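Down below is the structure, laid out as structure tokens.
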Amino acid sequence: MRAALVDNNGQILERRDADISPNSMVSQLAELAAQLRSASNSVSALGIAIPGLVNRQNDRVISARDLPPTLVENLHEELTRATGLRVEIENDANAEAYGEFKAGAGVGARNLFYMMIGKGIGGAIILEGRLWTGASGFAGEVGHITIDTEGLECVCGNTGCLETVASAPSIVRRARERLNRDSTSSLSRLGLRKDFTAADVAHAANEGDDFALMMIERTGKYIGTGVATVINLLNIERIVLGGDVMDAGPLILNPIIQEVKRRAFLRCFEATEIVAAKLGADAAPIGVALLARDASA
Ligand SMILES: [Zn+2]
């Protein structure tokens, strides 16, 4: 986990990285917060971004990937007690969106949609300068837009979600399937490594490997299809794309933009800027700190 002391302008003043053990998470988080607080005497709030669903109306974590339910159930209450600070817990995609909005690729926009493409696919909506979380806190789940009605089952229970074809694990699965099916496909660099990752595919594409390049381009088409839906729905000013899968750079951003242009309503497409996120792994700590600050305003 990554912890940071963030100032009012969204600049990181101090940071700590630590491995968190699920069994003692609250005490470890409290200890990290205490260490960071020692560098400033004006800390007003503690923000926690987690990969999961959070109901901000009652501060309950509904579910969290990779964390036991018993542990996150009372996270808000336990952290408030352990730190004495006002605590805000937020979904990681929402936190990243707010970070990019305030201090990254979203600066200057009033309305934006943020999409995080990594292990899963998340999204967040900022309307008129505020995070819009929907009726119960879960708006922006763009990873679960249906892309293929005949597609594979998704973790959400639906089939053919964007996440089943364009998340990092899905890129690896599709590459494997194709390599198994078509012996003429060459993934010369990756073929040598049995346990290759989506980052390896992106790296090979950047080195000019044809097969890897095709896999990245197709991933871009899927993401672009999802983005086109968002643009048609919201006529949004800016789309910011983040997450590990976007580390492929222009190799993935260009096919995304091409596909959006092909599929979106032209007038909406023309009004939208589609850009890569700027803050990388700092987006979540910066965003959740500013959300925690602004929640009290
Ligand atoms: Zn789904």
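The values are calculated or read from the model by the stated rules, or taken from the named source; none is laboratory data. Please read all numbers here as calculations on a predicted model, not as lab measurements. All Cβ positions, even for glycine, are placed from backbone atoms using ideal geometry, and neighbour counts span all protein chains on display.
Tally time: how many residues in the stretch 77-114 are aliphatic (A, V, I, L, M), over 16 Å from residue 50 (Cα atoms) and not in a helix (DSSP H, G or I)?
The total comes to 5.
For residue 56, indicate whether it is of a type in the set (D, E, K, R) and either at pLDDT 95 or above or surrounded by fewer than 17 Cβ atoms within 10 Å (Cβ to Cβ) (or both). Considered against the rule, which asks whether it is of a type in the set (D, E, K, R) and either at pLDDT 95 or above or surrounded by fewer than 17 Cβ atoms within 10 Å (Cβ to Cβ) (or both), residue 56 comes out as no. Of the residues 253, 266, the single one that is buried (at least 18 other Cβ atoms within 10 Å of the Cβ) and without any contact (Cβ under 8 Å) to a residue 60 or more places away in the chain is 253. Is it the case that some residue within the stretch 70-85 is within 16 Å of the ligand (Cβ to nearest atom), hydrophobic (A, V, I, L, M, F, W, C) and touching a residue at least 40 places away in the same chain (Cβ under 8 Å)? No, the conditions are met nowhere in the stretch 70-85. Pairing residues of the stretch 158-181 that are within 18 Å of residue 144 (Cβ to Cβ) with residues that are acidic (Asp, Glu) and surrounded by 18 or more Cβ atoms within 10 Å (Cβ to Cβ), at Cβ distances under 8 Å and at least 6 apart in sequence or on separate chains, gives 168/244; 170/163.
Cβ-Cβ distances below 6 Å connect no pair with a first residue in the stretch 109-132 that is at positive phi, a second residue that is among the acidic types (Asp, Glu) and in a strand (DSSP E or B), and a separation of six or more residues or different chains. Scanning the stretch 133-154 for residues that are in a loop (DSSP other than H, G, I, E, B), touching a residue at least 12 places away in the same chain (Cβ under 8 Å) and near the ligand (Cβ under 9 Å from one of its atoms) yields 141, 145.
Restrict the check to the stretch 230-253 and report whether at least one residue is at positive phi, within 21 Å of the chain's Cα centre (by Cα) and assigned to a helix (DSSP H, G or I). No - not one qualifying residue is present in the stretch 230-253.
Restricting to the stretch 33-66, what's the tally of residues that are assigned to a helix (DSSP H, G or I) and within 22 Å of residue 294 (Cα to Cα)?
Going through the stretch 33-66 one residue at a time, the tally reaches 4.
Under the condition of being of a type outside the set (D, E, K, R), part of a strand (DSSP E or B) and touching a helix residue (DSSP H, G or I) at 6+ places or on another chain (Cβ under 7 Å), the residues counted in the stretch 1-32 number 5. Looking across the stretch 111-132, the residues that are away from the ligand (no atom under 16 Å from the Cβ) and of a type in the set (A, V, I, L, M) come down to 112, 124, 125, 126, 127, 131. Restricting attention to the stretch 80-102 and to residues that are more than 16 Å from residue 65 (Cα to Cα) and β-branched (Val, Ile, Thr), the residue that is surrounded by the fewest Cβ atoms within 10 Å (Cβ to Cβ) turns out to be 80. Take residue 201 and tell me if it is touching an Asp or Glu at 6+ places or on another chain (Cβ under 9 Å) and either modelled with pLDDT of 95 or more or part of a helix (DSSP H, G or I) (or both). Criteria met by residue 201.
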